[in-house]
Amino acid sequence: MEIKTEKFLHLIDQALKIAEQMRTELADSERLNNVISVLQSVRNQALAGQLEPSAGTSTLGLAREVADWVEPLDSPLLKAVGAVEAFYQNNL
């Protein structure tokens, strides 16, 4: 496995860990469950070598989705999905 892919998977795993921890804190976790589902799907695609390259222009839409509902805006989850997005755009 390429080092870039390993780093990307590590960032996704970090975001998933934070999201899972938040499940107990949120009363309405539908949006959180959606983010977890997308992260898992992207992880599986990256592992299978089926993730479309960003070419510096495409995004996964995760940071925007999380920013729409997470409080506060400097939350660990938003930072984690932001790191996933940035790595995807800059390296894949």
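The values are calculated or read from the model by the stated rules, or taken from the named source; none is laboratory data. A quick note: this is a predicted structure, and the numbers were derived from the prediction, not measured. Please note: Cβ atoms are built from the backbone with ideal geometry, for glycine as well, and neighbour counts cover all protein chains shown. We work out accessible area using only protein heavy atoms, side chains counted, and drop any ligands, DNA or RNA first. Shrake-Rupley method; radii C 1.70, N 1.55, O 1.52, S 1.80 Å.
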Leading residue by the ranking (modelled with the lowest pLDDT) among those in the range 14-26 that are in a helix (DSSP H, G or I) and open to solvent by less than 60 Å² (accessible area, probe 1.4 Å): MET22
Of everything in the range 1-13, what is of a type outside the set (D, E, K, R) and at pLDDT 95 or above? Give them in sequence order. PHE8, LEU9, HIS10, LEU11, ILE12
Among the residues of the range 71-92, the number that are more than 15 Å from GLU6 (Cα to Cα) and open to solvent by less than 10 Å² (accessible area, probe 1.4 Å) is 3
Of all residues being free of Cβ contacts under 8 Å to residues at least 24 places away in the same chain and part of a helix (DSSP H, G or I) in the range 1-13, which is nearest to PRO72 (Cα to Cα)? Just the residue, please. HIS10
